[in-house]
Each structure stands twice: as C-alpha cells, then as structure tokens.
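Report on the following structure.
Where a number appears in this text, it was derived from the coordinates with a stated rule and is not lab data. Computed from a predicted model, the values in this text were never measured in an experiment. As a convention, Cβ positions derive from the backbone with ideal geometry for all residues, glycine included, and neighbour counts pool all protein chains shown.
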Amino acid sequence: MVKSRYPRLYRATQFAVVLTLVVIILGAWTRLRDAGLGCPDWPMCYGHLTVPSSPESLARAEQLYPGHVVEPDKAWPETIHRYFAASIGLVILLLAAVTWRKRRLADMPWRHAGALLVLVCVQGAFGALTVTEKLYPPVVTLHLLFGFSTLTGLFWLLLRMRRAFAPTGDRYVVRLRPLLSLTIVALVVQILLGGWTASNYAATVCTELPICQSGWQQAWSPAEAFSLFHADDQSFEFAPHLGAAEKITIHATHRIGAMVVTGLFVLLIALLLLRTQAGRYRVFAVILAVGLFVQIGLGVTNVVAGLPLWNAVAHNVWAALLLQVLVALAYAMHREKRLGGFS
C-alpha cells in the first residue's frame, strides 16, 4: 500500500472507524438488552446528564416522568451509547472542518467528509426519533442502516486517504464488479431484514433450522409483517402490534435472505479463487470464506442456544465487518479499472 499523503487526517479517520464500530457494538448491546427505552427522553436521561441515582435526582425523575421507573441496568447502556455516538459526530465534524479548510490541496476529500457530516447528523436525528417514537420499527431499522452507512463511509474515506490497492493488472477481476455489486446489495437488504427482525422482537420465534418450525408456511403474512404504518402514540417495545404469525414471517424471511446471500458469497468466492490471477483477490476470497463461515455459525448458535446476548451482538457486528470486506474489494476493483485502463 502507498502511504497516506495526509498522515494526521488518516490517523483521525482510523480513530473514527474504530469509534463507529464500538458504537455499533454498544447499539446492538442496547437494542438486544431491550434497553432502547432505558431513558424515556432525549438527549438527557430522565432530565439528567447521566442516570439519576441520588434520592434527589430520582425524585426529580419521577416528577418529570410519572409512571416511569428508573432501571439502571437499562438506562446506563442507553446513556453510554448516546455519549459514544455523540463523540462520533464530534470527530466527523472536525474531519469535515479540517478537510474544508485544506480543500485546495491535492486529493483532499473534503466533499466526502462533508457528506459524512450530513450522514452522521441524519443518524443522530434517527437516534432521537428511536426514543421519541417509542422504538417504532421503521425508525429503529433505519437507525441501524445509517450506523452501518457511517461506518462504510468512514472506511471508504480511509481507503481513499491510504490510496490503497494499487492495480495488479488482473483483467478478469474487473468483470466481477456486477456480481460484487449484487452481493453488496443483497447483504445490505439482509442487514435491513436483521434490523427489522430485531426491532419487531422476532428473533426467537423460529426455533428450528433451516427456515422455521413446521407450519411456518401457513403463518405467512408479509403484508402485515412488513407494514410501515401502525397506530400512533403507542410503545412498540416487545412489538405488541404484531401477532405470532407476523413475527414468524419476519424471521423466516430473514432466514431465506441468509440463504440467498450465502449463495452469492459462495459464487463470488469461487470465481475469485478459480479465475483471478493476482494473489490479492485470492486472499480476499479466503477472508470472505472465513467470514461467511463464522457468520453462519453465529446465526445457527442464535437459534440453537436461544439468542445468547453476546452471540447476538457478535452476529450483528460481524455483518458490519463482512460489509467492510466487500467494500474494500469494491474499492480494489474500482482502482483496478480506473488506473489499470480496463473498460
């Protein structure tokens, strides 16, 4: 790899990537611990900067939010997640400001950093809506998607600053770009389905493999399971708006999506191993194969072990990492085509 022309910005972007991954981990932990409404307000927590614990602060919390009981084991994960998320916004704001100030320098990605600033502001808005709309599933799912998008945008910026993946001259790999694009789209859709499954509390309704327990076809009701509109002014915690049939439909769809994604991964891995000439792309194939194997294992463990928290969080985070591997491969192919002179 060629070294970055702007090492300080590169290191700052590295920090932002790691920090965003930490926030994704904390977000998954908060969501899967059913702590999304651990604080009923935003950005404060029961009107405080931290979780109220003293008799005075607890009395004030009860006065501000009658009928709510402060649960520290839920309020603290939500509060910590918020502070880490806010720190990402601050880091990206600094990146955008510095790159804007130096925008006349060669290859300074100020537009990229500016777009990331807009994206993280949208992400923050959806974080607020997650609370104010009481875990409304479309909002929770989009909040997850924007989090993954922020990580991906930062990782792409990191690759740009590093000027990673000089062309190898491998003509065949450029022809795999359509298949790679399809695989990325399928994985993003699958991530959305995973978010929809979690936000509708459908992760434990199917207890058998490969799709669901017998009779799931009779429960099939996609119109209700994927409806974006429900009654206003209600809490969607534990998905009281859905019945068992709708939750089974959501979970089964996620399982079917996993099979489609697996098929695309296997095809991409096989072609990278068998048809490409540069060793770099065979390394990518091995990484993708190992990553896919681990992700399938985590998914199966979720089912057979009854969704253990650590495993469910790992399943979520591993999907984010798999997406970044595909993004790195896409960037390598992009550089191969643009600098290698291939059409």
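Applying the condition of being in contact with a His (Cβ under 9 Å, 6 or more places away or on another chain) and either assigned to a loop (DSSP other than H, G, I, E, B) or of a type in the set (Gly, Ala, Ser) (or both) to the stretch 1-36 and asking which residue is farthest from Tyr201 (Cα to Cα) yields Gly27.
Taking the stretch 26-41 as the range and being over 26 Å from Ala320 (Cα atoms) and hydrophobic (A, V, I, L, M, F, W, C) as the test, only Cys39 passes.
Check the stretch 256-276 and report whether any residue there is in a loop (DSSP other than H, G, I, E, B) and buried (at least 18 other Cβ atoms within 10 Å of the Cβ). The answer is yes, given that some residue of the stretch 256-276 is in a loop (DSSP other than H, G, I, E, B) and buried (at least 18 other Cβ atoms within 10 Å of the Cβ).
Restricting to the stretch 37-72, and then to whatever is among the hydroxyl-bearing types (Ser, Thr, Tyr) and in contact (Cβ under 8 Å) with a residue 24 or more places away in the chain, can you tell me which residue is farthest from Tyr201 (Cα to Cα)? The selected residue is Thr50.
Screening Lys134 with (1) closer than 30 Å to Phe226 by Cβ; (2) assigned to a helix (DSSP H, G or I) gives one miss only, at (2).
Of all residues in the stretch 169-194, those being in contact with a Phe, Trp or Tyr (Cβ under 8 Å, 6 or more places away or on another chain) and of a type outside the set (A, V, I, L, M) number 3. The set of residues in the stretch 242-288 being within 25 Å of the chain's Cα centre (by Cα) and free of Cβ contacts under 8 Å to residues at least 24 places away in the same chain consists of Gly263, Ile269, Val283, Ala285, Val286.
Checking each residue in the stretch 161-189 for being surrounded by 15 or more Cβ atoms within 10 Å (Cβ to Cβ) and farther than 27 Å from Arg275 by Cα picks out Met161, Arg162. Can you find even one residue in the stretch 62-84 that is part of a helix (DSSP H, G or I), out of contact with any Ser or Thr (no Cβ under 7 Å at 6 or more places or on another chain), of a type in the set (Ser, Thr, Tyr) and closer than 21 Å to Ala128 by Cα? Yes, the stretch 62-84 has at least one match. Out of all the residues in the stretch 222-244, which are surrounded by fewer than 16 Cβ atoms within 10 Å (Cβ to Cβ) and part of a helix (DSSP H, G or I)? Result: Pro222, Ala223, Glu224, Ala244.
The numbered conditions (1) in contact (Cβ under 8 Å) with a residue 40 or more places away in the chain; (2) of a type in the set (D, E, K, R); (3) farther than 21 Å from Phe238 by Cβ; (4) surrounded by fewer than 19 Cβ atoms within 10 Å (Cβ to Cβ) are all true for Arg82 except (4). Report whether or not Arg111 is farther than 17 Å from Tyr10 by Cβ and among the charged types (D, E, K, R). In short, yes. If you take the residues in the stretch 192-218 that are among the aliphatic types (A, V, I, L, M) and within 17 Å of Leu228 (Cα to Cα), which one is nearest to the chain's Cα centre (by Cα)? Only one residue tops the list, namely Leu192.
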